[in-house]
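Trainee: Would you mind keeping the following structure in view while I ask a few things?
Each reported figure results from applying straightforward, stated rules to the coordinates on display, with no laboratory input. Worth saying up front: this structure is predicted, and the values here are computed from it rather than measured. Cβ: placed from backbone, ideal geometry, glycine included. Neighbour counts: every protein chain shown.
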Amino acid sequence: MSPASFEGILRPQQIRQRVKDASDAAMRRAMAVKARATGSELPATPDKRTPRPLSQIRADLDALIGLEAVKEQVRTIIAFLEMQAQRRAHGLADVAVSQHLVFLGNPGTGKTTVARLVAETYGSVGLLKSGHLVEVDRAGLVGQYVGHTAAKTQRAVHKALDGVLFIDEAYALSPARASGHDFGAEAIETLLKRMEDHRDRLIVIVAGYPKLMNEFLNSNPGLRSRFAREISFDDYLTDELVAITEKLVRDAQYRLGDGTHRALTTIFEEMRRTDRFGNARVARTLFEQAINVMAVRLSQGEPSRALDRAQLSTLEAVDFLEAAIRVRGA
């Protein structure tokens, strides 16, 4: 066979390479389709509202039930940022202090609510351009194959630029028994680099259980030093949980019947408190279950009877007592 006859024939390694290239191209097209369908493509910078006046943010902070130690620390942050803003107005130099924060606490202790107010504060005093909050967890940062994690983390950072990236249950990025295929460490490394690259446009707040967060901060030599302050969120006391429930009732245009305050106090006092206790989440679940119990109670009797405004808006003690049984059994 003449040399010219071999011109159109591919060697085995060339065939394997072309098959691989075609397979990779098909995978990229499939990922692009999935990304468009799930909205996980690299987003444009999200709409950012003009930050609210600091007086309104302070009023919302003061209105929070409990959290007195947390409020005091946030007020300290606000005072410092206000002073820095005034120094800038007079042409004086800023003191370069990291504003990245660690929130330590059990579920339902107000960490996300306070993070949102802190983010708004950063925007209101001009530390950040908008002060919006982007909430993510491990699933929003860690991918399932090589190269995916860095892209997902970068997307989250991109959305949070000029605002705050709030990472809930951040300890899940460094699980104690991570396998060799866990990409949490890659997310942490990418995040640390982006925190440095965008130090004037990004603030990060990490949150989670105290013990697990301590392990997380020790999992990478560069982590703990990046966070300026650790703020502890204590579990709510019984009277605070009662107050939270009563606020939920008022905000939903219901009212409490006779003896309900006492019933709520008994319910929360008898609840078992562990580090998995849901705090304000339990209060909300109890309220929602009480509404269901109330609906069943009012539906009994004549099906066509009309209910007056008071009946439709009054939650009785029996509603909460029955709801508590459902919550404990959930």
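Trainee: What FRET efficiency comes out for Asn214 versus Gln154 if R0 is 30 angstrom and r is the Cβ-Cβ distance? Round to the nearest 0.05.
Mentor: Efficiency, from the Cβ-Cβ distance: 0.65.
Trainee: Whole-Hz ³J(HN,Hα) for each residue in segment 282-295, computed from phi via Karplus 6.51 cos²θ - 1.76 cosθ + 1.60 with θ = phi - 60°, x for glycine and proline: what do you get?
Mentor: Karplus-based 3J(HN,Hα) across segment 282-295 equals 5, 4, 5, 4, 4, 4, 5, 5, 4, 5, 4, 4, 4, 4 Hz.
Trainee: Once phi is turned into ³J(HN,Hα) by the Karplus curve 6.51 cos²θ - 1.76 cosθ + 1.60 with θ = phi - 60°, what whole-Hz value does each residue of segment 155-161 show in order, with x for glycine and proline?
Mentor: Using θ = phi - 60°, the values come out as 4, 4, 5, 4, 5, 8, 4 Hz.
Trainee: Which of the peptides 231-237, 84-90 is most tightly packed, and how do the rest follow, going by the mean number of other Cβ atoms within 10 Å of each residue?
Mentor: Listed from highest to lowest mean packing, they are 231-237, 84-90.
Trainee: Going highest first, how would you order 189-197, 55-63, 310-318 by mean Cβ packing within 10 Å?
Mentor: 189-197, 310-318, 55-63
Trainee: Using θ = phi - 60° and the Karplus relation 6.51 cos²θ - 1.76 cosθ + 1.60, list the HN-Hα couplings for segment 311-324 in order, rounded to whole Hz, with x at every Gly or Pro.
Mentor: 5, 6, 10, 10, 8, 9, 4, 4, 5, 6, 5, 5, 4, 4
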